[in-house]
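The block underneath contains the structure these notes are about, expressed in C-alpha cells.
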Amino acid sequence: MISLLDPKQPTLDDIFGARFNAKLTQQQAADMIGYSRRGWQDAENGKNKLHPAAWALFLLATGQHPSHRALSNIQ
C-alpha cells in the first residue's frame with residue numbers, strides 16, 4: 001500500500017493501470033506530475049522509475065490514492 005510518508009515504488013502494472021483507470025493519455029498523465037511524455041513512457045515500459053512522490057501525487061490527483069484524498073477547492 002502506498003503511503004505519503006513511506007511511498008513504495010510502483011510496478012509497471014501499477015503505472016499503466018492507474019493511467020488506464022483515470023482514462024488519461026500518456027501526455028496527460030505526464031503533465032499532471034510535471035514529467036515529459038517520454039519520461040512517463042519510460043516509466044510504463046521499465047526504462048526509468050517514477051519518483052515515489054510523483055507517484056503519490058498522480059494517485060492523489062486522479063482520486064486513486066488508497067488512504068488520502070486531495071481537496072478540490074480550498075478557500
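Here is a yes/no grid of residues against (1) farther than 18 Å from Pro66 by Cβ; (2) modelled with pLDDT under 95; (3) not acidic (Asp, Glu):
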| site | (1), (2), (3) |
| --- | --- |
| Lys8 | no, yes, yes |
| Asp31 | yes, no, no |
| Gln41 | yes, no, yes |
| His51 | yes, yes, yes |
Study note, to complete from the structure: Only unsatisfied item for Tyr35, checking (1) surrounded by 16 or more Cβ atoms within 10 Å (Cβ to Cβ); (2) hydroxyl-bearing (Ser, Thr, Tyr); (3) at pLDDT below 90, is (3)
Check your understanding: Which pairs do you get when a residue that is over 14 Å from Thr11 (Cα atoms) and free of Cβ contacts under 8 Å to residues at least 40 places away in the same chain, found in the range 50-64, comes within reach of a residue that is aromatic (Phe, Trp, Tyr) and in a loop (DSSP other than H, G, I, E, B), reach meaning Cβ atoms under 6 angstrom, with the pair 6+ apart or on two chains?
Key -> none
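Here's the yes/no breakdown for (1) out of contact with any helix residue (DSSP H, G or I) (no Cβ under 7 Å at 6 or more places or on another chain); (2) outside any loop (DSSP other than H, G, I, E, B):
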residue	(1), (2)
Gln27	no, yes
Met32	no, yes
Ala43	no, yes
Leu57	no, yes
Leu60	yes, yes
Gln64	no, no
Ser67	yes, no
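The values are calculated or read from the model by the stated rules, or taken from the named source; none is laboratory data. As the structure is a prediction and not an experimental result, all values here were calculated from the model. Note that each Cβ is placed from the backbone with ideal geometry, even for glycine, and that neighbours are counted across all protein chains shown.
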